[in-house]
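Participant: Okay, handing you the structure first.
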Amino acid sequence: MLKDTILNLLNEQVNLEYYSSNLYLQMSSWFSYHGLDGCAQFMSEHAMEEREHMTRLFNYITETGGYVKLGQIPAPKTEWESHAEIFEDTLEHECLITSKINNLAKAAFDQADFSTFNFLQWYVGEQHEEEQLFRSILDKVKLLGDDKKGLYFIDKEVGALAKGEAPAAEPQ
Ligand code: OFO
């Protein structure tokens, strides 16, 4: 049985993963609108991943006899100046999620809820990967610049990540 403090934090995280999914779906639309289809596909797939993160928490709460409360999900930001600003936002957002997961894991440990602590280890590893992924994309965005050629190659590069393909060649 989950303690109330842990249940509340888990429910908060369910809603936050839902928000992450909506945020990335919104970003996907921005990319499509601006003709960056590779980035759009990558963000769309990532939105689905966030939905899976939400479902994993949802199932854990349910299996542990808890009650999931879906709250109001705030509207995501809709306007960005550039693709670089979007990728800066993704990294910042993933860092926020990491801090929330760390707080949750600490709370579970402090309350001797080792089942939840153990469950959260998957998220700890996942956040390490997600921060690394978005940091590496942002590095490439900065490297390639924001002229037409740079945009073309970053779209190919990020699109290849979406489909698990080898990255595109660097511009000459
Ligand atoms: Fe992008 O990891 Fe969940 O929120």
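Participant: How much of the pair distance distribution for the range 4-162 lies past 18 Å, counting alpha-carbon pairs only, in percent?
Facilitator: Values: 7429 of 12561 pairs.
Taking all Cα-Cα pairs of the range 4-162, the fraction more than 18 Å apart is 59 percent.
Participant: Right, something else. I want to check the label-to-label distance for Ala75 and Glu92. Put each point 7 Å from Cα in the C-beta direction and report it in nm to one decimal.
Facilitator: Distance between the two pseudo-spin positions: 1.9 nm.
Participant: From the backbone phi of the range 113-120, what are the Karplus-calculated ³J(HN,Hα) couplings (6.51 cos²θ - 1.76 cosθ + 1.60, θ = phi - 60°) in whole Hz, Gly and Pro given as x?
Facilitator: 9, 6, 5, 5, 4, 5, 4, 6
Participant: Too long at a 23 Å Cα-Cα cut-off: which of Lys77/Lys100; Lys106/Lys142; Lys69/Lys163; Lys3/Lys100; Lys69/Lys100; Lys100/Lys163?
Facilitator: On the way: Lys77/Lys100 20 Å; Lys106/Lys142 35 Å; Lys69/Lys163 34 Å; Lys3/Lys100 18 Å; Lys69/Lys100 18 Å; Lys100/Lys163 29 Å.
Correct reply: Lys106/Lys142; Lys69/Lys163; Lys100/Lys163.
Participant: Quick one: Karplus J couplings for the range 57-65, per residue in order, coefficients 6.51, -1.76, 1.60, θ = phi - 60°, nearest Hz, x for Gly and Pro?
Facilitator: Each residue of the range 57-65 in turn: 5, 4, 5, 5, 4, 4, 5, 8, x Hz.
Participant: Residue by residue through the range 18-23, which ³J(HN,Hα) values in whole Hz follow from phi under the Karplus form 6.51 cos²θ - 1.76 cosθ + 1.60 (θ = phi - 60°), with glycine and proline marked x?
Facilitator: Listing the rounded values in order: 4, 4, 4, 4, 5, 4 Hz.
Values in this text are rule-based calculations from the coordinates and carry no lab data. Source: prediction; values computed, not measured. In this analysis, Cβ positions are derived from the backbone assuming ideal geometry, glycine residues included, and neighbour counts consider all displayed protein chains.
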